[in-house]
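K.L.:
Pasting a structure below so you can have a look.
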Amino acid sequence: MKPPSPTLEGFRAVLRQPSLGLAEVAWRWSFGGATALLAAISFLEYLDTLTVSRSDVLLLRTRQPALISAAIQHAVRGSGLRLVAAIIVLSFALLIGWIVIAALARAATIEALLEYVRQQFHASGFHVEEEPSWGWRLGSLLGLNFFRAGTTLAATVGCVAAVMVGGVASPADNPVPGLAVLITLAVALLVWLVWSTINWFLSLAPIFVVRDGRDMFASIAATIDLCRDHAGAVFAVGTWFGLAHLAAFFAAITVVVFPLGLSGLLPRGVILGGVLLVMLLYFAIVDFLYVGRLAAFVAMVESPGPTAPESLNPLPPDRGEPAAFSIRQTSAVDQDELILSDLPAPG
C-alpha cells in the first residue's frame, strides 16, 4: 500500500488544522504591523528635525506644485545624512528582529507539522519511527535566516546594479532607451531567479534542523538530497501550490477591479477600504498556502514508503526450523493433496 500523496497531505493540513495557517498569519502580520509602525514613527521624528521657515510655509499654502516643490527642497536641504542614518539603523533593527522572530516561528510551525503528519500516517495504518526530540537548534535556524537576509540584500544590490548597467548602455549623448530597458530587465530577471532558487532551498532547510537536529550546512545538504531523490514529488508540490497561488492572485485582481470600476459612484474611503480588505485576504491565503507547502514537504520527509500486502509478509521461522524454509500455510491449498515436484518418483 502506497502512502498518501505529499501534495494532498499539504492541502489537508491547512484545511484540517487551520490553526497552523492562522499562526503563520499572526506572526507575519504582527511583524509587518510593527515594521509599518516603526517606519511611521521614524519618519515623523525625521520631520521634527526639519526647519521650516515662514517663507516655506507661505509657499506650501499656495497649492502650486512648483512652489510647493521649492519649499520642500529648501526644508530638507542638508538633512539627507540624518535620513540615511535613520534608514540604516531602522533596517538593521528590523533585520535582526526578523531573523530571531522567524527562527522561533518556523521552529514552532515545523514541530507542529511533524506531529500532525505522524498522527495522520499512524491513523492510515503506516508505521513511522518517531525521531527523538533534538530541540529547536536556534543557532542553526538563526544562521539560515541570516543567509536568507544576506541573499535578499545581495539581490537588492543586484537590482540596483541592473539599473546602473542599463544606464551605462544608454548614455546621454546617444540614448538608446529600448536597449537600456532590455538590459535592465534581463539582469534583474537573472538576479531574481538566482535569489528565488537559493531562498527556496533555505526555506526548506529548517525541516531537517527541527526533525534531525542537523546544523546549518548539513540541513542545506539534506534539502538538496531530498530534491534529488524525490524530484517528481517535489515538482508536483511546487506545481500544484504554485497554481493555487496563481489562482488566488488572479482572483484578487478580479475582485479589486470591481470596486475600482465604481470609483465614480462610491466614496473614496469605501473604495480604499475594499481594496485593502481584498489585499489582506490575498495575503492571508498566501500564508495558508505557504504552510500547506511546508506540510507537503514534511510529509515527503516523513513518508514511510510503500508497504507490502499482509499476505506477502514473511512469517517468523518456527523453533528449530531454518528461516529459508519457513512457508506460510493457508487454506487455499489442501495440505494432504499430492503435488507434483521436479524430483522423479521413486522406482
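K.L.:
If the chain between Leu153 and Ala123 were fully stretched, how many nm would it gain, using 0.36 nm times the residue separation less the Cα-Cα distance?
P.N.:
Stretched out fully, the Leu153 to Ala123 stretch lengthens by 6.4 nm.
K.L.:
Turning to a different aspect of this structure: Give, in nm to one decimal, the length gained when the segment between Ser55 and Asp229 is fully stretched (0.36 nm per residue of separation minus the Cα-Cα distance).
P.N.:
Gain in length upon complete extension: 55.6 nm.
K.L.:
Can you compute the charge dipole magnitude of the stretch 21-176 about its Cα centre, using +1 on each Lys and Arg Cβ and -1 on each Asp and Glu Cβ, nothing else charged? Give it in debye, rounded to the nearest 20.
P.N.:
Computed about the Cα centre, the dipole is about 700 debye.
K.L.:
Determine ³J(HN,Hα), in whole Hz, for all residues of the stretch 99-112 in sequence, where each value follows from phi through the Karplus function 6.51 cos²θ - 1.76 cosθ + 1.60 and θ = phi - 60°; x replaces Gly and Pro.
P.N.:
4, 6, 5, 5, 5, 5, 5, 5, 4, 5, 5, 5, 4, 5
K.L.:
For the modelled label position 7 Å from the Cα of Ala39 along Cα-to-Cβ, which residues of the stretch 77-92 have backbone nitrogen atoms closer than 17 Å?
P.N.:
What the label zone holds, given the 17 Å backbone N cut-off, is 83-92.
K.L.:
Turning to a different aspect of this structure: Between Val255 and Ala218, what is 0.36 nm times their sequence separation minus the Cα-Cα distance? Round to one decimal in nm.
P.N.:
Working: separation 37, 0.36 × 37 = 13.32 nm, distance 4.44 nm.
Difference between extended and current length: 8.9 nm.
K.L.:
Just round it to a whole percent: the fraction of Cα-Cα distances in the stretch 50-99 exceeding 13 Å.
P.N.:
I get 63 percent for the Cα pairs in the stretch 50-99 exceeding 13 Å.
K.L.:
Between Ala108 and Ala66, what is the label-to-label distance in nm when each label sits 7 Å out along the Cα-to-Cβ direction?
P.N.:
5.8 nm
K.L.:
Alpha carbon centre of the stretch 162-184 versus the stretch 226-242: separation in Å?
P.N.:
39 Å
K.L.:
For Ala247 paired with Val84, estimate the spin-label separation in nm (one decimal), with each label point 7 Å from Cα along the Cα-to-Cβ line.
P.N.:
Distance between label points: 4.9 nm.
K.L.:
Each label point is 7 Å from the Cα along the Cα-to-Cβ direction; what then is the distance between the points at Arg16 and Phe146, in nm?
P.N.:
Reported label-point gap for Arg16 and Phe146 is 3.9 nm.
No value in this document is a laboratory result; all are computed from the given coordinates. In this text, all values refer to a predicted model and were calculated from it rather than measured experimentally. With ideal geometry, Cβ positions are generated from the backbone for all residues, glycine too; neighbour counts draw on all protein chains shown.
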